[in-house]
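What follows is a short report on a single structure.
Rule-based calculations on the coordinates, nothing more; no lab input. No experiment lies behind these values; they were computed from the predicted model shown. Here the Cβ positions follow ideal geometry from the backbone for every residue, glycine too, while neighbour counts run over all protein chains shown.
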């Protein structure tokens with residue numbers, strides 16, 4: 001491979017990424033959590049505490065539908081309701097420890113334990129180059145306005 005040729009490098013990265021994904025994809029069992037619940041927990045995890053109305057708007061559902069979903073999440077101890085300190089009429093929904101754990105796990109694409117085991121076989125220099133290269137690629141992609 002010619003490392004001076006950006007197209008050769010891009011092709012290699014494109015070929016290597018699926019192999020990494022296949023080998024280290026998070027194979028967790030979240031089948032016990034329905035997709036709508038998981039989506040609601042992920043959104044809370046990424047946004048912070050929200051009211052039922054704010055969540056309903058984001059998910060494109062009615063408030064009663066979202067209230068029912070939040071009730072089910074609360075029954076499973078994934079979320080809890082908390083009153084707004086400044087306005088006691090407002091109630092926020094936030095993730096419990098269990099909800100945080102499920103949301104975090106569901107958002108992880110690659111299994112950290114599998115990657116950690118593989119990285120042990122790399123030299124410190126290879127590890128540094130791997131992380132710096134990936135950081136540079138992400139920064140380049142984020143800055144690429146095409």
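Would you work out the relative contact order for the chain, in percent, from Cα pairs under 8 angstrom that are 6 or more residues apart? Each step should come with its number before you reach the end.
Working: 109 pairs, mean separation 35.4, N = 146.
Answer for the chain is 24 percent.
Between residue 65 and residue 13, what length in nm is gained on full extension when 0.36 nm per residue of separation is reduced by their alpha carbon distance? Provide the component values of the computation, followed by the final result.
Values: separation 52, 0.36 × 52 = 18.72 nm, distance 4.35 nm.
Length difference between fully extended and current span is 14.4 nm.
Quick one: 77, 58, 102, fewest Cβ neighbours within 10 Å first, how do they rank? Spell out each step's value before the answer.
Numbers: 77 11, 58 15, 102 23.
Ascending number of Cβ neighbours within 10 Å: 77, 58, 102.
Is the chain rounded, prolate or oblate when judged by the Cα gyration tensor, a ≥ b ≥ c being the square roots of its eigenvalues, rounded requiring a/c under 1.5 and prolate requiring a/b larger than b/c?
Prolate is the answer for the chain, as a/c is 1.5 or above and a/b outweighs b/c.
Could you give the length gained by full extension between residue 135 and residue 108, i.e. 0.36 nm per residue of separation minus their alpha carbon distance, to one decimal place? Could you put the intermediate results ahead of the total?
Values: separation 27, 0.36 × 27 = 9.72 nm, distance 1.72 nm.
Difference between extended and current length: 8.0 nm.
In whole Å, how far is the Cα centre of region 116-146 from that of region 30-80?
Here the two parts' Cα centres lie 34 Å apart.
Helix-only estimate, please: 222 nm mean residue ellipticity of the chain, summing -39500 (n - 2.57) across DSSP H runs of length 4 or more and dividing by its residues, to the nearest 500.
Per the formula, -20000 deg cm²/dmol.
If you take the square roots of the eigenvalues of the alpha-carbon gyration tensor of region 100-146 and sort them as a ≥ b ≥ c, do you get rounded (a/c under 1.5), prolate (a/b over b/c) or oblate? All intermediate terms of the calculation are to be shown ahead of the outcome.
Values: a/c = 3.62, a/b = 1.08, b/c = 3.36.
Oblate, because a/c is 1.5 or more while a/b does not exceed b/c.
How many percent of the alpha carbon pairs in region 35-107 exceed a separation of 14 Å?
On the way: 1433 of 2628 pairs.
Here the tail beyond 14 Å accounts for 55 percent of pairs.
When the chain is fully extended, how far beyond the present Cα-Cα distance does residue 76 get from residue 115, taking 0.36 nm per residue of separation? Don't skip to the answer; put the middle values down first.
On the way: separation 39, 0.36 × 39 = 14.04 nm, distance 3.10 nm.
Result for the pair: 10.9 nm of gain on full extension.
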